[in-house]
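Inspection log for the structure reproduced underneath, given as structure tokens.
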Number of protein chains: 2
Amino acid sequence: MAKKRIGVVLAGCGVYDGAEIHEATLTLYFLDRAGAEWVAMAPNIDQHHVVDHLTGQVVEEHRNVLAEAARIARGKIRDLAEVRASELDGLIMPGGFGVAKNLSSIAFNGAEAEVNPDLAVLLRDMHRLNKPIGAICISPAVVSRVFAQMGVTVTIGCDPGTISAIEAMGNRHQTSPADGIVLDEDKRVVSTPAYMCGSGIAEVGRGIEKLVSRVLELAN
Amino acid sequence: MAKKRIGVVLAGCGVYDGAEIHEATLTLYFLDRAGAEWVAMAPNIDQHHVVDHLTGQVVEEHRNVLAEAARIARGKIRDLAEVRASELDGLIMPGGFGVAKNLSSIAFNGAEAEVNPDLAVLLRDMHRLNKPIGAICISPAVVSRVFAQMGVTVTIGCDPGTISAIEAMGNRHQTSPADGIVLDEDKRVVSTPAYMCGSGIAEVGRGIEKLVSRVLELAN
């Protein structure tokens, strides 16, 4: 039996300006452990900004989302613009502020946010082909924006601002603990809050482990 | 019972110029899952160089090891120079080229390498206090250099050049698969080859899971 191929969308490398490293790494880990193949991808664009993760301050630097995401993928990564839904059996988006700053403008525009056009096409194509989407941390807000007014149910934990934004997009929010998942069976969207409300890597890992497992079950 | 406190030494953020992200993240994950507390640390020094992880090329940039390592630790990290062995119950060093380029000069000088002085003091103090040291990937070569002529037994998998260097340092090398560990019970040093010879994150994870478990058993 061929390995299931699951795309993993990375938003850079680091919680404050890119992909959340624990969420991204554990996604790859649980996929590989389950015998699936991961296909890492990121957009070939500049980061919105660069944050010094020691001080939390924005610094005067420029970094490329794809080149930084390549750190998490050990160089084994593709330009998001070149990946087609037809190649994949499922797609997972780890979180991190890069999802809200580089892959979309959720951090700045909430319910009115724009989403990277190549990512929006990929998400719509996955949905059209009835393939599952896993969304971790803040990523369910991006999924909600792309699928606005479709009544998709997701969780981002319990953050009131983001819940309001998801509802303003015409979708539904379901509260969940950090290590739980919410499944929209009809839309084939699985989500977990991870560090949106989790405080430790093991707790966050329990949710991601369940999400990966459910995405693989739905990937057929 | 108080949580066991295990130091985790990070060499930056990225396999080619810093800490190997999978090895570092899985170390934190297995520690937290086992109920231990991790104490991340890195030296406050410039990286030897910066490598574009997409192209593999060295680029004209400067990055700080502590600030980059803070990405893996989500900002929860300390200057290695300020951490004392007396605070810790054990110490683990994940791998990555940063271990051989930033924490030491193993990549350039092999058996004659220099080791960051604060790291050398910390390793010697851990040993003097009879506390366990876990070394992943290329890190056993640094441990070997600090404990030269002490006959410590470690593994870095099966890389002939590094094995020769370890033997030239007056220590012993034991071959191991990527997902195995080697324990020097007398010196309380545990090592695993990880990506020195492993090809996938789940395989590497099995070795790190065993190493973390053994370090915690030895930490009393």
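The values are calculated or read from the model by the stated rules, or taken from the named source; none is laboratory data. Everything numeric in this text was worked out from a predicted model, so none of it was measured. Don't worry about glycine lacking a Cβ; one is built from the backbone with ideal geometry, like all the others, and counts go over all protein chains shown.
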> Of the numbered conditions (1) at the interface with another protein chain (Cβ under 10 Å from one of its Cβ atoms); (2) out of contact with any Phe, Trp or Tyr (no Cβ under 9 Å at 6 or more places or on another chain), A:Pro43 satisfies every one except a single condition; which is it?
Replying inline: (1)
>> What's the total number of residues in segment A:130-154 that are closer than 23 Å to A:Leu28 by Cα, among the hydrophobic types (A, V, I, L, M, F, W, C) and over 12 Å from the mean Cα position of the chain (by Cα)?
In response: 1
>> Against the conditions (1) at the interface with another protein chain (Cβ under 9 Å from one of its Cβ atoms); (2) under 30 Å from A:Arg128 (Cα atoms); (3) over 17 Å from the mean Cα position of the chain (by Cα), where does A:Lys76 fall short? Just the number, please.
In response: (1)
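Being among the aliphatic types (A, V, I, L, M) and over 13 Å from the mean Cα position of the chain (by Cα) is the filter here, so list the residues in segment A:1-51 that pass it.
Looking only at segment A:1-51, we keep the residues that are among the aliphatic types (A, V, I, L, M), and these are A:1-2, A:6, A:8-11, A:15, A:19, A:21, A:24, A:26, A:28, A:31, A:34, A:36, A:39-42, A:45, A:50-51.
Correct list: A:Met1, A:Ala2, A:Leu31, A:Ala34, A:Ala36, A:Val39, A:Ile45, A:Val50, A:Val51.
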> Which condition does A:Gly110 not pass, out of (1) more than 13 Å from chain B (Cβ to nearest Cβ); (2) at pLDDT 95 or above, if it passes all the others?
Replying inline: (2)
> Restricting attention to segment A:104-114, does a residue exist that is among the small types (Gly, Ala, Ser) and touching a Ser or Thr at 6+ places or on another chain (Cβ under 7 Å)?
Replying inline: yes
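Go over the candidates B:Ala168, B:Ala120, B:Ala135, B:Ala113 one by one and state the one that is touching a residue at least 12 places away in the same chain (Cβ under 8 Å), surrounded by 16 or more Cβ atoms within 10 Å (Cβ to Cβ) and either among the β-branched types (Val, Ile, Thr) or more than 23 Å from B:Leu216 (Cα to Cα) (or both). Can you show your working first?
Details: B:Ala168 fails: surrounded by 16 or more Cβ atoms within 10 Å (Cβ to Cβ); B:Ala120 fails: either among the β-branched types (Val, Ile, Thr) or more than 23 Å from B:Leu216 (Cα to Cα) (or both); B:Ala135 fails: either among the β-branched types (Val, Ile, Thr) or more than 23 Å from B:Leu216 (Cα to Cα) (or both).
Criteria check complete, one pass: B:Ala113.
Tell me the residue from B:Gly161, B:Gly151, B:Gly95 that is touching a strand residue (DSSP E or B) at 6+ places or on another chain (Cβ under 9 Å) and farther than 28 Å from A:Ala40 by Cβ, please. Working first, answer last.
Details: B:Gly161 fails: touching a strand residue (DSSP E or B) at 6+ places or on another chain (Cβ under 9 Å); B:Gly95 fails: farther than 28 Å from A:Ala40 by Cβ.
Just a single option satisfies the conditions, and that option is B:Gly151.
If you scan segment B:1-19, which residues turn out to be out of contact with any Asp or Glu (no Cβ under 7 Å at 6 or more places or on another chain), more than 8 Å from chain A (Cβ to nearest Cβ) and part of a loop (DSSP other than H, G, I, E, B)? Steps first, please.
Narrowing segment B:1-19 to residues out of contact with any Asp or Glu (no Cβ under 7 Å at 6 or more places or on another chain): B:1-2, B:7-11, B:14-17, B:19.
With more than 8 Å from chain A (Cβ to nearest Cβ) added as a condition, the list becomes B:1-2, B:7-11, B:17, B:19.
Hits for segment B:1-19 are B:Met1, B:Ala2, B:Leu10, B:Ala11, B:Asp17, B:Ala19.
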> Here is a list of conditions, (1) buried (at least 24 other Cβ atoms within 10 Å of the Cβ); (2) closer than 27 Å to B:Arg71 by Cβ; (3) more than 14 Å from chain B (Cβ to nearest Cβ), and A:Cys197 meets all of them except one; can you say which number that is?
Replying inline: (1)
> Taking the stated definitions as given, is A:Ala70 surrounded by 17 or more Cβ atoms within 10 Å (Cβ to Cβ), facing another protein chain (nearest Cβ under 9 Å) and out of contact with any helix residue (DSSP H, G or I) (no Cβ under 6 Å at 6 or more places or on another chain)?
Replying inline: yes
>> Can you pull out every residue in segment B:82-106 that is surrounded by fewer than 20 Cβ atoms within 10 Å (Cβ to Cβ) and either free of Cβ contacts under 8 Å to residues at least 24 places away in the same chain or within 14 Å of chain A (Cβ to nearest Cβ) (or both)?
In response: B:Glu82, B:Ser105
> What number of residues within segment A:24-56 are surrounded by fewer than 21 Cβ atoms within 10 Å (Cβ to Cβ), in contact (Cβ under 8 Å) with a residue 40 or more places away in the chain and farther than 25 Å from B:Ser199 by Cα?
Replying inline: 3
